[in-house]
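Okay, structure first, notes after.
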Amino acid sequence: MRFELDTGLSSLQGKRPRNEDFAGVQAPAAHEVERGWVAALADGVSGSENSNGDGLMAAQTSVMSLLRDFHGVPADWDTSVALDRLLGHQNAWLL
């Protein structure tokens, strides 16, 4: 049985002058298939009209680091543990 998945990303700008959201999807490599696919969406928090792109940078680095590291965690970590630790470390780094 073959499993196929089509993905697409879209984010509406809304009333803000700039959209700083970021999203990504990653398929597992052949040796990482047990962990499965990962998808992430981060709100760039572009709350001010004078936004200098920090919201986009935070959203992009958060999503990209999760996609980069998700399949590298120990195989015995439950998915919820992996996400909790990876996102916790990324949040601490952003602060």
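Taking the Cα centre of the chain as the origin, how large is its charge dipole in debye, to the nearest 20, when only Lys and Arg (+1) and Asp and Glu (-1) carry charge on their Cβ atoms?
Approximately 220 debye in magnitude.
Tell me the label-point distance for the pair Leu94, Val33, using the 7 Å Cα-to-Cβ offset, in nm and rounded to one decimal.
For Leu94 paired with Val33, the spin-label model returns 3.4 nm.
Under 11 Å from a point 7 Å along the Cα-to-Cβ line of Asp54: which residues of region 71-95 have their amide N that close?
Answer for region 71-95: 95.
Which one, Gly8, His31, Phe70, projects farthest toward the positive side of the charge dipole computed for the chain from Cβ point charges (K/R +1, D/E -1)?
Gly8
Helix 54-69 against the longest principal axis of the chain: what's the angle in degrees, Cα atoms only, rounded to the nearest 10?
0 degrees
Counting only helical runs of four or more DSSP H residues, what would the 222 nm mean residue ellipticity of the chain come to if each run contributes -39,500 (n - 2.57) and the total is spread over all its residues?
Here the helix-only value at 222 nm equals -11000 deg cm²/dmol.
What whole-number value in Å² describes the accessible area per residue of the chain for a 1.4 Å probe?
Here the residues of the chain average 75 Å² of exposed surface.
Relative contact order for the chain: what percent, with Cα pairs under 8 Å and sequence separation of 6 or more?
About 24 percent, as a whole number.
Which semi-axis lengths, in whole Å and largest first, follow from the square roots of five times the eigenvalues of the Cα gyration tensor of region 1-41?
30, 11, 5
The values are calculated or read from the model by the stated rules, or taken from the named source; none is laboratory data. Model, not experiment: these values are computed from the prediction. Every residue, glycine as well, gets a Cβ built from its backbone with ideal geometry; the counts of neighbours run over all protein chains shown. Note: accessible area is taken over every heavy atom of the protein model, side chains too, but ligands, DNA and RNA are not part of it. Shrake-Rupley method; radii C 1.70, N 1.55, O 1.52, S 1.80 Å.
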